[in-house]
Amino acid sequence: MKTANIYENPLVSRYASGEMLRVWSPSFKFGMWRRLWLALAEAEAELGLPISKGQLGQMRAHLDDIDFGKAAKYEKKFRHDVMAHVHTFGDAAPLARGIIHLGATSAFVGDNTDLIQMRAGLELVRARLYKVIDLLAKFAKKNRKLATLGYTHFQPAQLTTVGKRATLWCYDFVTDIEEVQHRLETIVFRSVKGTTGTQASFLKLFEGDHKKVVRLEKMVAKKMGFDDVSPVSGQTYNRKIDANVAATLGGVAQSAHKLCNDVRLLANLKQMEEPFGKDQIGSSAMAYKRNPMRCERVTSLARFVMSLVSSPAMTAAEQWFERTLDDSANKRLAVAEAFLAVDAILVILANVVDGLVVYPKVIEAAVDAELPFMATEDIMMAGVQAGGDRQELHEVIRKHSHAAAAEVKLHGRKNDLIARLQADNAFAKVDLKGVLDAKRYIGRAPEQVDDFLREVVGPLRRKYRKFAKVVDVELRV
């Protein structure tokens with residue numbers, strides 16, 4: 001490896017997909033700078049500035065053949081990345097050298113490209129979220145009736161179903177995809193604002209014609225695929241956009257962390273597992289182990305994303321007046337890495353959900369171990385209907401329950417509460433086996449799954465399916 005002695009960002013080398021890496025690549029970024037310069041020159045020409053077809057033609061011919069080595073030399077000389085690429089583009093399109101970046105400030109290419117990258121990143125996140133939601137919905141439907149212990153405080157609680165639990169996971173991601181959609185719908189283009197947001201340089205170019213300046217910023221935005229332009233700005237777009245987008249990505253991380261923690265706990269209980277490869281090794285020492293490493297990877301990356309949410313928020317708060325440059329280095333790290341990490345999370349998560357393994361017999365055994373306690377209220381009511389005294393029956397059940405619990409906790413034996421009650425004359429007339437059907441205790445869980453799939457997932461599938469054309473990605477490690 002030529003770079004074995006140089007640090008590599010693991011988000012690049014191990015985790016993020018090729019699609020997301022391309023969005024944040026130098027080729028995408030600086031290729032977009034050239035497209036912005038072309039859009040500006042085209043709009044200026046259309047509004048009457050002396051820019052020739054030959055100049056525009058040369059610019060169009062060199063949008064992607066960027067000489068990054070030359071740009072690096074220029075940046076070392078100028079200590080300014082935008083001017084380095086202005087000169088590099090000018091060398092490639094010499095006829096246009098004098099009109100490239102005409103009237104613009106660095107934020108014209110830098111900020112507008114940031115917005116384009118975030119929009120492209122959010123579109124990919126939206127597609128990956130759709131995939132996870134769709135897979136969870138199918139899993140929920142398949143397991144809508146499978147009774148399982150519910151847990152509160154990680155202690156056995158009333159029964160639910162495996163499918164109903166999956167709807168809880170799914171609904172988290174439903175809220176996330178709607179939040180992503182909101183961000184996509186409300187991202188506005190900075191377009192052409194000038195050095196302090198007053199558009200003074202463009203007003204001079206058009207000899208005081210305000211209408212042409214207004215038309216210019218709308219034309220450039222349209223050429224770059226945006227309908228809405230920020231009504232005001234300083235030198236930069238409002239950094240709260242970054243903070244809001246980061247918070248949205250943090251929300252996705254929260255949902256993923258919750259799901260994967262649940263799967264990790266269920267794996268410990270041997271009720272459910274993430275997929276495990278035929279040749280996968282769980283431990284270098286303990287050959288029998290099946291560690292939930294994919295879910296662990298998700299929770300690890302999710303914590304990283306959640307930690308990044310604070311940086312754009314602090315950057316937004318730190319901007320002085322029309323701008324300071326202490327946002328630049330932070331943005332290069334926090335925003336891009338949040339996108340790369342969330343992309344990786346959703347790729348892994350789709351793999352996990354698509355291959356979730358359920359063990360019904362283990363789940364049934366866990367239910368059977370706790371069901372006698374959960375059935376006690378129904379048993380007591382049946383005893384009353386058979387002619388017993390409610391208060392007396394309550395005391396009988398209480399004593400037998402404590403004794404049965406002691407058998408389980410102190411001696412490791414099976415729960416024998418039902419056998420104890422069967423031997424007690426107080427319940428001689430009660431069909432105790434009849435009250436031990438788990439389906440009696442799952443409430444409307446199956447129907448809630450049906451309602452959720454019909455009323456929430458159905459409309460979401462219709463709304464987002466057209467945006468979900470994303471190539472499935474195999475895990476890189």
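When LYS439, LYS466 are checked against the criterion of being touching a strand residue (DSSP E or B) at 6+ places or on another chain (Cβ under 8 Å) and exposed (fewer than 13 other Cβ atoms within 10 Å of the Cβ), a single residue qualifies: LYS439.
Scan the range 144-168 for residues that are assigned to a helix (DSSP H, G or I) and charged (D, E, K, R) and the total you get is 2. In the range 351-359 there is at least one residue that is crowded, with 23+ Cβ neighbours inside 10 Å, touching a residue at least 60 places away in the same chain (Cβ under 8 Å) and aliphatic (A, V, I, L, M).
Can you tell which of LYS270, LYS258 is part of a loop (DSSP other than H, G, I, E, B), modelled with pLDDT of 95 or more and under 17 Å from VAL162 (Cβ atoms)? LYS270 is the lone residue from the list that is part of a loop (DSSP other than H, G, I, E, B), modelled with pLDDT of 95 or more and under 17 Å from VAL162 (Cβ atoms). Within the range 211-255, count every residue that is in a helix (DSSP H, G or I) and either without any contact (Cβ under 8 Å) to a residue 24 or more places away in the chain or not basic (Lys, Arg) (or both). Matching residues across the range 211-255 total 24.
The residues listed here are PHE206, PHE173, PHE189; of these, the one that is over 24 Å from the mean Cα position of the chain (by Cα), at pLDDT 95 or above, of a type in the set (Phe, Trp, Tyr) and assigned by TED's automatic domain parsing to the domain that holds PHE139 is PHE206.
State whether one or more residues within the range 199-210 are surrounded by 20 or more Cβ atoms within 10 Å (Cβ to Cβ), touching a residue at least 60 places away in the same chain (Cβ under 8 Å) and hydroxyl-bearing (Ser, Thr, Tyr). The answer is no, given that none of the residues of the range 199-210 is surrounded by 20 or more Cβ atoms within 10 Å (Cβ to Cβ), touching a residue at least 60 places away in the same chain (Cβ under 8 Å) and hydroxyl-bearing (Ser, Thr, Tyr). Scanning the range 387-418 for residues that are within 18 Å of ALA365 (Cα to Cα) and in contact with a Pro (Cβ under 9 Å, 6 or more places away or on another chain) yields ALA404, ASN415, ASP416, LEU417, ILE418. Run down PHE339, PHE321 and say which single residue is at pLDDT 95 or above and either farther than 30 Å from MET20 by Cβ or in a helix (DSSP H, G or I) (or both). Of PHE339, PHE321, the one residue that is at pLDDT 95 or above and either farther than 30 Å from MET20 by Cβ or in a helix (DSSP H, G or I) (or both) is PHE339.
The values are calculated or read from the model by the stated rules, or taken from the named source; none is laboratory data. Note that this is a predicted model, so its numbers are computed, not measured. Counting neighbours? That spans all protein chains shown, and the Cβs are built from the backbone with ideal geometry, glycine included.
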